[in-house]
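Encoded as structure tokens, the structure appears first; notes follow it.
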Amino acid sequence: EAGVTQFPSHSVIEKGQTVTLRCDPISGHDNLYWYRRVMGKEIKFLLHFVKESKQDESGMPNNRFLAERTGGTYSTLKVQPAELEDSGVYFCASSQIWLGGNEQFFGPGTRLTVL
Amino acid sequence: DQQVKQNSPSLSVQEGRISILNCDYTNSMFDYFLWYKKYPAEGPTFLISISSIKDKNEDGRFTVFLNKSAKHLSLHIVPSQPGDSAVYFCAASVPGYSTLTFGKGTMLLVSP
């Protein structure tokens with residue numbers, strides 16, 4: 001079974017540009033999450049999709065970030081316009097259902113560098 | 001305000017010995033705790049978890065202990081192996097929410 005995949009693995013852009021990150025969850029997983037880790041800090045929750053609906057987007061930093069999950073399959077996270085503080089590793093995770101104890105499976109992450 | 005704290009950024013242990021990684025939390029609503037392991041350039045991988053109704057969970061070489069009164073949990077690895085060298089993240093969740101709240105991680109180095 002294929003794991004969670006993310007594209008690209010690395011992205012280097014200049015401040016003010018737009019970047020779109022993609023996540024393909026494990027097939028059949030209705031729950032899809034985005035997290036971010038800024039260097040040296042904890043992994044922080046951004047948002048959670050159940051199928052195509054946003055269940056919880058309380059972690060989104062501001063309106064420069066837009067996440068979509070059309071059709072309830074893959075998801076994209078767009079940052080527009082990017083700022084220096086957006087640099088970090090963006091992780092996507094998926095899970096089949098959410099019950100206490102149902103762990104999330106993480107992708108390898110996209111390392112975003114904003115210059 | 002960090003709700004999950006891993007106060008040791010790194011830990012070095014010799015192969016065959018016990019590794020003990022610690023985690024403290026402040027949110028008394030947390031009812032489920034997980035440990036993830038992360039190698040460089042990879043995503044975190046689930047290792048072991050524990051519900052707040054238990055005080056111990058064991059899986060092979062890995063045991064997690066939970067002390068609710070102290071709001072403290074620990075991960076024991078016995079015996080430690082060089083392949084265990086990685087960053088270990090403690091995470092927690094509250095009932096009804098999918099959000100995982102992570103600590104900053106502890107880098108474990110197991111030397112031969």
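With respect to the conditions (1) more than 13 Å from every other protein chain (Cβ to nearest Cβ); (2) under 30 Å from A:HIS10 (Cα atoms); (3) among the aromatic types (Phe, Trp, Tyr), B:PHE65 falls short on a single one, namely (2). Test B:GLY60 against the stated conditions and say whether it is in contact with a Gly (Cβ under 6 Å, 6 or more places away or on another chain) and either within 10 Å of another protein chain (Cβ to nearest Cβ) or not aliphatic (A, V, I, L, M) (or both). So B:GLY60 fails the test. For the range B:18-36, residues that are among the charged types (D, E, K, R) and touching a Pro at 6+ places or on another chain (Cβ under 7 Å) total 1.
Residue by residue through the range B:27-65, note down the ones that are exposed (fewer than 13 other Cβ atoms within 10 Å of the Cβ) and β-branched (Val, Ile, Thr). B:ILE53, the sole residue that qualifies. The lone criterion from (1) open to solvent by 10 Å² or more (accessible area, probe 1.4 Å); (2) closer than 28 Å to A:THR5 by Cβ left unmet by B:PHE89 is number (1). Please determine whether any residue of the range B:66-74 is part of a loop (DSSP other than H, G, I, E, B) and either in contact with a strand residue (DSSP E or B) (Cβ under 6 Å, 6 or more places away or on another chain) or of a type in the set (Phe, Trp, Tyr) (or both). Yes: one or more hits.
Among the residues examined, A:PRO8 does not qualify as out of contact with any strand residue (DSSP E or B) (no Cβ under 8 Å at 6 or more places or on another chain), open to solvent by 20 Å² or more (accessible area, probe 1.4 Å), over 23 Å from B:VAL4 (Cα atoms) and touching a residue at least 60 places away in the same chain (Cβ under 8 Å). For B:GLY83, indicate whether it is part of a helix (DSSP H, G or I) and surrounded by fewer than 19 Cβ atoms within 10 Å (Cβ to Cβ). Here the answer is yes, as B:GLY83 does meet what is asked. Determine whether B:GLN81 is closer than 23 Å to A:TYR33 by Cβ and not acidic (Asp, Glu). For B:GLN81, the condition - closer than 23 Å to A:TYR33 by Cβ and not acidic (Asp, Glu) - is not met.
Within the range A:49-90, if we keep just the residues that are over 16 Å from A:ARG36 (Cβ atoms) and not in a loop (DSSP other than H, G, I, E, B), the residue that is least open to solvent (accessible area, probe 1.4 Å) turns out to be A:GLY72.
State yes or no: is A:SER87 more than 14 Å from chain B (Cβ to nearest Cβ) and closer than 14 Å to A:VAL12 by Cα? Yes, satisfied. Here B:SER74, B:SER69 are screened, and the one residue that is over 24 Å from A:LYS44 (Cα atoms) and surrounded by fewer than 21 Cβ atoms within 10 Å (Cβ to Cβ) is B:SER69.
Comparison of A:VAL89, A:VAL12, A:VAL50, A:VAL38 shows that the only residue that is under 14 Å from the mean Cα position of the chain (by Cα) and modelled with pLDDT of 95 or more is A:VAL89. Scanning the range B:12-23 for residues that are open to solvent by 50 Å² or more (accessible area, probe 1.4 Å) and not hydroxyl-bearing (Ser, Thr, Tyr) yields B:GLN14, B:GLU15, B:ARG17, B:ILE18, B:ILE20, B:ASN22. Taking every residue in the range A:50-79 that is free of Cβ contacts under 8 Å to residues at least 40 places away in the same chain and within 11 Å of A:LEU21 (Cα to Cα) and pairing it with any residue that is hydroxyl-bearing (Ser, Thr, Tyr) and assigned to a strand (DSSP E or B), at least 6 positions away or on another chain, the pairs with Cβ-Cβ distances below 8 Å are A:ALA67/A:SER75; A:ALA67/A:THR76; A:GLU68/A:SER75; A:GLU68/A:THR76. Within the set B:GLY105, B:GLY96, the sole residue that is under 13 Å from the mean Cα position of the chain (by Cα), within 11 Å of another protein chain (Cβ to nearest Cβ) and on the phi > 0 side of the Ramachandran plot turns out to be B:GLY105.
The values are calculated or read from the model by the stated rules, or taken from the named source; none is laboratory data. Bear in mind the structure is a predicted one, so any value in this text is a computation, not a measurement. For neighbour counting, all protein chains shown are included, and Cβ atoms are generated from backbone atoms with ideal geometry for every residue, glycine included. Just the protein is used for accessible areas: all its heavy atoms, side chains included, with ligands, DNA and RNA removed. Shrake-Rupley method; radii C 1.70, N 1.55, O 1.52, S 1.80 Å.
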